[in-house]
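Here the structure comes first, spelled out in structure tokens, and everything after it is commentary.
The values are calculated or read from the model by the stated rules, or taken from the named source; none is laboratory data. Note that the structure is predicted; figures quoted are calculated from it, not measured. Glycine also receives a Cβ, built like all others from the backbone with ideal geometry; neighbour counts cover every protein chain displayed. For accessibility, only protein heavy atoms count, side chains too; no ligands or nucleic acids. Shrake-Rupley method; radii C 1.70, N 1.55, O 1.52, S 1.80 Å.
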Amino acid sequence: VAMAAMKSTVQHIAARWGSAAAHRVAPGSTVLASAGGPGGARRHFKKAARVARVPHTAPLVTRTWAPETDPPASVPQVPAGGPKTLSTLQGRVALGGSDLGHLRHEAEADASLKGLPTPVLNDGDLTKSVQELETLRAEIILYFHKTFTLFEKLHEVFNNVPAIYEKHERLRHPPIFYLGHTASFYVNKLHLGKFIHHRLDPVLEMQMAVGVDEMSWDDWDSNSYVWPSGAEARADPAAAVEFLQKVLDLRRNVRVLVDDLMKQQPMEWPINKDSFWWIIVMGIEHERIHLETSSVIHRQAGLDEVQPIGVFPRCERGRFHKSPSASAARNMPANRLLPVPAGVTRLGRQWEGTATYGWDNEFGKEVHAEVPAFEASEFLVTNKEYLEFMEAGGYTTQRYWTEEGWSWVSDMKPTAPRFWRRSGDEHYLRTLCEEIPMPWDWPAEVCHNEAAAFCAYLSEKLGKTIRLPMEDEHMRMRDSVPTDLQDSAHGPAWGAWTPGNINLAFWASSCPVDTFKSPLGLYDVLGNVWQHCLTPIDVLEGFETHPLYDDFTTPTIGEAHSRIMGG
């Protein structure tokens with residue numbers, strides 16, 4: 001899955017290194033990488049200016065919907081009072097004030113929210129019984145509610161309401177926006193597709209429709225927003241509570257709306273991109289994207305503004321110590337280059353007959369790319385490895401940085417990765433809601449510029465070219481993971497055992513880099529963190545935007561954004 005990676009904003013992204021002949025290196029990009037023959041796979045992509053748009057042919061729903069006084073029996077109401085959760089599953093959440101420290105966090109009860117598989121929308125069998133279709137309906141309904149609840153519970157990390165209005169990441173909106181945005185998405189797409197004819201809250205649904213891109217400074221004009229700023233929320237907490245209540249009520253009404261529609265809409269098989277059900281899964285997967293990006297925003301909130309939440313546990317494994325000279329830090333697995341044999345890998349897939357949901361940049365003419373042999377690092381770059389770069393003057397040595405990267409250093413003046421904390425000679429790592437002694441064997445979470453500089457440093461140290469992988473090289477590493485729904489090894493269909501720290505199946509943090517080993521001998525070819533890649537956002541030949549989401553990929557195509565891989 002291709003997603004736009006921000007070059008100067010941390011997104012739980014780390015990197016893998018190797019050595020290779022230079023091939024297809026994008027200007028200003030970063031690498032940790034591969035060794036092999038010259039050239040690399042030949043790919044032919046169509047540029048954004050040649051995007052074709054297709055008509056929306058989905059059937060119209062004649063029944064209209066308006067908010068009900070009482071929700072369906074499947075989503076029961078609860079008595080008013082102080083909320084124990086921000087989840088709207090059991091009914092309207094009635095806020096009693098700006099203090100959220102009383103929220104109850106039940107890890108065992110919340111365990112069923114994690115490790116959810118995406119539904120299969122086409123398995124090649126064109127004949128499905130009524131019972132099989134109703135089973136699929138129930139599966140999608142459950143996937144919707146659990147994802148909706150999981151995103152709401154992520155905001156229980158805040159111990160007070162005004163913190164939800166703070167811009168903890170200056171290149172993004174505050175959390176209050178995303179609470180409304182992910183719910184409004186369903187209404188906006190269903191209304192655009194003429195599946196519904198009434199809106200729930202037109203003002204909120206429009207104001208919370210569009211997020212921001214860090215390349216566009218004019219997205220940040222906060223004077224026209226309907227929600228209070230962080231300062232306003234602190235000055236008038238009652239008004240902040242009132243607006244949050246409005247957003248939570250919108251979420252509740254959207255939950256009821258979508259639940260009602262899913263129960264009444266005829267099931268279709270197979271489910272294609274023009275289907276009502278495709279739009280529902282689009283909304284779910286969209287919210288799961290924001291589950292990840294919002295967790296990074298929340299991770300930047302002040303420690304006095306957050307509290308532990310059981311549904312998002314931190315990994316307890318690791319070589320933890322405040323000092324890099326401690327035995328725990330010295331006793332690290334040695335990283336090394338391992339060979340990845342030449343072979344063919346698949347890039348892209350076709351809309352017709354696709355088994356699972358996908359974003360528009362995944363679709364087009366399939367490319368079966370021949371990838372030369374290369375070498376890749378056995379492990380992702382660890383915090384300990386990255387410390388060596390820092391101690392070698394990494395942030396003060398201009399020759400390690402691209403022109404863009406050095407401009408970033410000069411402007412931002414970083415001295416360590418975003419989530420590192422230092423007190424004298426002691427090192428700590430900020431996780432979602434706490435600071436812990438540095439886990440030296442966890443992957444270093446850095447931005448694209450930092451990853452590039454590390455590669456330049458390592459190239460100089462080892463006397464060979466070190467860079468980040470290209471997309472096709474990453475896919476060759478991924479090919480070793482068995483089973484897939486798309487007839488290659490690029491998609492999750494592994495059954496009961498998840499071969500990586502992914503999809504909250506294990507932890508809501510990174511874990512040691514030597515935990516999940518692939519059959520190829522490389523660790524973390526998927527999961528643990530997103531991974532930097534040299535390939536810029538481009539599109540396959542035959543690329544078409546989805547008629548109800550034509551701006552998902554197109555704003556990011558070009559050299560300003562690179563793909564992130566790994567999952």
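Are there any pairs with C-beta distances below 7 angstrom linking a residue in the range 192-211 that is closer than 20 Å to HIS546 by Cβ to a residue that is among the aliphatic types (A, V, I, L, M) and open to solvent by 30 Å² or more (accessible area, probe 1.4 Å), with the two at least 6 apart or on different chains, and if so which?
From the range 192-211, the pairs are LYS194/LEU60.
Can you tell me which of VAL311, VAL306 is out of contact with any Cys (no Cβ under 8 Å at 6 or more places or on another chain), over 30 Å from LEU540 (Cβ atoms) and of a type in the set (Val, Ile, Thr)?
VAL311
With the checklist (1) at pLDDT 95 or above; (2) outside any helix (DSSP H, G or I); (3) open to solvent by less than 30 Å² (accessible area, probe 1.4 Å) in hand, flag the one item SER459 doesn't pass.
Single failed check for SER459: (2).
Considering each of ALA301, ALA355 in turn, give the residue that is closer than 30 Å to VAL130 by Cβ, in a loop (DSSP other than H, G, I, E, B) and either open to solvent by less than 40 Å² (accessible area, probe 1.4 Å) or polar (S, T, N, Q) (or both). Don't jump to the end; show me each part of the working.
On the way: ALA301 fails: closer than 30 Å to VAL130 by Cβ.
Selected residue: ALA355, the only one of ALA301, ALA355 that is closer than 30 Å to VAL130 by Cβ, in a loop (DSSP other than H, G, I, E, B) and either open to solvent by less than 40 Å² (accessible area, probe 1.4 Å) or polar (S, T, N, Q) (or both).
Every residue in the range 273-292 that is modelled with pLDDT under 95 and either more than 18 Å from LEU116 (Cβ to Cβ) or open to solvent by less than 10 Å² (accessible area, probe 1.4 Å) (or both), please.
LYS273, ASP274
Name, by its number, the condition in (1) modelled with pLDDT under 95; (2) in contact with a helix residue (DSSP H, G or I) (Cβ under 9 Å, 6 or more places away or on another chain) that does not hold for HIS298.
So HIS298 meets the others, but not (1).
Quick one: SER407 ticks every box in (1) within 23 Å of VAL529 (Cβ to Cβ); (2) without any contact (Cβ under 8 Å) to a residue 40 or more places away in the chain bar one, so which box is it?
SER407 satisfies all of (1) within 23 Å of VAL529 (Cβ to Cβ); (2) without any contact (Cβ under 8 Å) to a residue 40 or more places away in the chain except (1).
Just the residues that are of a type outside the set (Val, Ile, Thr) and surrounded by 20 or more Cβ atoms within 10 Å (Cβ to Cβ), please, taken from the range 360-374. Walk me through how you get there before you give the answer.
Here is the first cut: in the range 360-374, the residues of a type outside the set (Val, Ile, Thr) are 360-366, 368-370, 372-374.
Of everything in the range 360-374, those that are of a type outside the set (Val, Ile, Thr) and surrounded by 20 or more Cβ atoms within 10 Å (Cβ to Cβ) turn out to be ASP360, ASN361, GLU362, PHE363, GLY364, ALA369, PRO372, PHE374.
Is it the case that the range 378-385 has a residue that's assigned to a strand (DSSP E or B) and buried (at least 18 other Cβ atoms within 10 Å of the Cβ)? So that I can check it myself, show each step before the final result.
If we filter the range 378-385 for residues that are assigned to a strand (DSSP E or B), which is where we start, we get 380, 382.
Keeping just the survivors that are buried (at least 18 other Cβ atoms within 10 Å of the Cβ) gives 380, 382.
Checked the range 378-385: at least one residue is assigned to a strand (DSSP E or B) and buried (at least 18 other Cβ atoms within 10 Å of the Cβ).
On the given criteria, is GLU473 at pLDDT 90 or above, open to solvent by 40 Å² or more (accessible area, probe 1.4 Å) and within 23 Å of HIS561 (Cβ to Cβ)? Give the steps one after another, and end with the answer.
Details: at pLDDT 90 or above: yes; open to solvent by 40 Å² or more (accessible area, probe 1.4 Å): no; within 23 Å of HIS561 (Cβ to Cβ): yes.
Considered against the rule, which asks whether it is at pLDDT 90 or above, open to solvent by 40 Å² or more (accessible area, probe 1.4 Å) and within 23 Å of HIS561 (Cβ to Cβ), GLU473 comes out as no.
Would you mention how many residues in the range 513-528 are farther than 21 Å from PHE374 by Cβ and open to solvent by less than 10 Å² (accessible area, probe 1.4 Å)?
Number of matching residues: 1.
Being touching a strand residue (DSSP E or B) at 6+ places or on another chain (Cβ under 7 Å) and either of a type in the set (Gly, Ala, Ser) or loosely packed, with under 12 Cβ neighbours inside 10 Å (or both) is the filter here; which residues of the range 398-432 pass it?
Quick first cut of the range 398-432, residues touching a strand residue (DSSP E or B) at 6+ places or on another chain (Cβ under 7 Å) only: 416, 419-421, 427-430.
Within the range 398-432, ALA416 is the sole residue that qualifies.
Return the residues of the range 115-155 that are touching an Asp or Glu at 6+ places or on another chain (Cβ under 6 Å) and not polar (S, T, N, Q); say none if nothing qualifies. Spell out how you get there, then give the answer.
Keep residues of the range 115-155 that are touching an Asp or Glu at 6+ places or on another chain (Cβ under 6 Å), which gives 119, 147, 151.
The answer is PRO119, PHE151.
One residue is enough: does the range 131-152 have a residue meeting the conditions open to solvent by 50 Å² or more (accessible area, probe 1.4 Å), at pLDDT 90 or above and not in a helix (DSSP H, G or I)?
Within the range 131-152, the subset open to solvent by 50 Å² or more (accessible area, probe 1.4 Å) is 131-132, 134-135, 138-139, 142.
Narrowing further to those that are at pLDDT 90 or above: 131-132, 134-135, 138-139, 142.
Filter once more, keeping what is not in a helix (DSSP H, G or I): none.
No; the residues of the range 131-152 include none that is open to solvent by 50 Å² or more (accessible area, probe 1.4 Å), at pLDDT 90 or above and not in a helix (DSSP H, G or I).
State all residues of the range 526-566 that are more than 16 Å from the chain's Cα centre (by Cα) and part of a loop (DSSP other than H, G, I, E, B); if no residue qualifies, say none.
If the condition is that a residue be more than 16 Å from the chain's Cα centre (by Cα) and part of a loop (DSSP other than H, G, I, E, B), then ASP538, GLU541, GLY542, PHE543, THR545, PRO547, LEU548, ASP550, ASP551, ILE557 are the ones that fit.
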